[in-house]
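One structure below.
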Amino acid sequence: MLTLRSISLAAAAAVITIAPAFALPPVPRPAPEFAVQLPDGSQTLLSSLKGKVVCLMFVHTTCPHCQHATQVMSKLYGEYGSKGFQPVAVAFNTMAKMLVPDFVRNFQINFPVGYAESDTVMSYLGLSMMERSVVPQIVWIDKKGMIRSQTPAMGDEKMLGEPFWREE
């Protein structure tokens, strides 16, 4: 007999079975290649930034938190860029390709900002398209090309910290 209790138990079992698919990949791990498409038609490969501390930010151009995060990174880039720090933002909201130039201009962003399709970003982050997530999603990559930390799907306000500036 099908009851609410049996449906609840089945749903709980399904969540327990599916939950590992939504877990973040372990860190540290090698950063996979990622091509950042820039508004001028060129692209920047993540591998070309090896030897720098990279803050890879996946943003929506219309998100106030993302706008603030890019301004924080612009300030940090001005301060630490000459010491090997490189932020890169990738917009993946609807019409990002068209919105990125105004986003960069309006928020006076002084580092590369490109765009990508949502499914490409979610795949890179190791998140399911079915999983709910927030923006910005931030990935910190060390000088050796290893991902050292990544924002959980539902966010973490501490991800804008300075985990690797003084890495030796």
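Just so it is clear, none of the values below were taken in a lab; they were calculated from the coordinates. Remember, predicted model here, so these are calculated numbers, not experimental data. Cβ coordinates were reconstructed from backbone atoms using ideal geometry, including for glycine residues, and neighbour counts include every protein chain displayed.
Of all lysines in the structure, those lying under 23 Å Cα to Cα from LYS50, and not within fewer than 8 positions of it along the same chain, are LYS75, LYS83, LYS143, LYS144. According to the square roots a ≥ b ≥ c of the eigenvalues of the Cα gyration tensor, what is the shape class of the stretch 35-84, taking rounded for a/c under 1.5, prolate for a/b larger than b/c otherwise, and oblate for the remainder? Verdict is oblate for the stretch 35-84. In plain terms, the chain from MET146 to GLU33 could stretch by 39.6 nm, reckoned as 0.36 nm per residue minus the Cα-Cα distance. Using the Cβ-Cβ distance between LYS50 and ASN110 with R0 set to 22 Å, the FRET efficiency works out to roughly 0.55.
For the stretch 53-155, rounded, prolate or oblate, judged on the Cα gyration tensor with a ≥ b ≥ c (square roots of eigenvalues), a/c < 1.5 rounded, else prolate if a/b > b/c? Because a/c hits 1.5 or more and a/b fails to exceed b/c, the stretch 53-155 counts as oblate.
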